[in-house]
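Take a look at the structure below.
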Amino acid sequence: LEEAKRGKRKFKGSYAVPEAIDPIFYGSYVDLENQLLEFRTKTLPSGAEIKMVMRKRAEPSHILIYLHNYSPKEVETKLQLDIQTKLARKLLWEPPFAGKWTLTTTTYRKPGYIVGQALQDIEDLRTYVIDYVIWDKENDFGRQDCLDELAELEKLKQEAVKKEEYFDAQDYKEKIIDKKDELREIELYYFKRRDKAYDTKVYIYGEGMGAATALLAAERLRKNYHGILCLNSALYIQKEAKSPVSWCYKPCVPAVLMTNRKTIYAKISQNYIKLTKDALSKLEDEEELADIMEFQQAVRTQKPEDENKEGE
């Protein structure tokens, strides 16, 4: 590494890097980002583009969704995911976070103030990352090949029985038993990955309009998200939309609102917090209030489910 630092040598191939080494400092010399990080981009059916980054050969259990601020309709939104920030470096490289986080972002389906549509975009993003990245839903891990081999062994066994080759039939029977055990292990692993993916904790960090979308997710999709961080929340109402966004002021997940002092965002955030307190204090439905408080407590003290739970 000292030789790499002086520019005399570059590393090739796969190797382990001590966590104490600053990857960004050495990145220009040994290209650690390309060797240890995996980048993916995709265009969703709605037209929104998404990008994600994670450690290679890792099994992440947490997702951080970054939501950018409002962009004017006449400006084309670029898909950007900055991994040089202090937060990104900590989650991607420093223990105990390294290997446990997936960082994602989206351009939304179109520019402009579209909080309601952006909410659907981040839900599509969350679903895609869980199903096709963490769970790897389309990968059957050799299940179909195992089924084909099992069918072939069954056919050979029946032919051996017809020919009265009982020793060969017995051999095929033992191979069938072994192949069924292999198939059972593959299916168990497949559904364990699914259960683990569905237990993934999802957090949102939003700025401006992205923060407003994050708060809307905290109110309406409480079971899908576990915490939000809002910077300069732009909690405006869409005046031109056919279905304006409305707030119920009942966020059901932990939320942190940060603003610059003495700005309009500070007043907006303070007003949202005040209305939230009033909405909870005046809530007539005691069962709904109890349900909200119970869910908030469950999020704070969530325990892992039984590891011995079998798949389908």
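Computed values, structure above
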{"item": "Rel. contact order, % - alpha carbon contacts under 8 angstrom, at least six apart, region 57-132", "result": "38 percent"}
{"item": "For region 200-217, 3J(HN,Hα) per residue [Karplus equation, 6.51 cos²θ - 1.76 cosθ + 1.60, θ = phi - 60°, Hz, x = Gly/Pro]", "result": "4, 8, 10, 10, 10, 10, x, 10, x, 5, x, 5, 5, 5, 5, 5, 5, 5"}
{"item": "FRET efficiency, 1/(1 + (r/R0)^6) with R0 22 Å, evaluated for TYR189 and ALA151 via beta carbons", "result": "0.55"}
{"item": "Sparse-neighbourhood loop sites, GluC sites (Glu not before Pro) in region 112-166 - DSSP loop, at most 12 other Cβ within 10 angstrom", "result": "GLU138, GLU164"}
{"item": "For region 78-84, Karplus couplings with θ = phi - 60° (6.51, -1.76, 1.60), whole Hz, Gly/Pro x", "result": "9, 7, 10, 9, 7, 9, 8"}
{"item": "Computed lengthening from THR85 to LYS137, 0.36 nm per intervening residue step minus Cα-Cα distance", "result": "15.6 nm"}
{"item": "Theoretical gain in end-to-end length, GLN120 to LYS274 [0.36 nm per residue, Cα-Cα removed]", "result": "52.7 nm"}
{"item": "For region 48-55, Karplus couplings with θ = phi - 60° (6.51, -1.76, 1.60), whole Hz, Gly/Pro x", "result": "6, 9, 10, 9, 9, 9, 7, 6"}
{"item": "Cα-based Lys proximity count in region 62-148, under 17 Å, for pairs eight or more positions apart or on separate chains", "result": "4"}
{"item": "Distance between modelled label sites at LEU221 and TYR166, nm, 7 Å Cα→Cβ extension", "result": "6.4 nm"}
{"item": "Loop-located trypsin sites (Lys or Arg not before Pro) in region 107-197, at most 14 other Cβ atoms within 10 Å (DSSP)", "result": "LYS163"}
{"item": "Gain in span if fully extended, THR263 to LYS173, counting 0.36 nm per residue against the direct Cα distance", "result": "24.8 nm"}
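Readers should treat all values here as calculations from the given coordinates under stated rules, not as data from a laboratory. The model shown is predicted, which means the values in this text are computed figures rather than measured ones. Cβ sites come from the backbone with ideal geometry, for glycine too, and all protein chains shown count toward neighbours.
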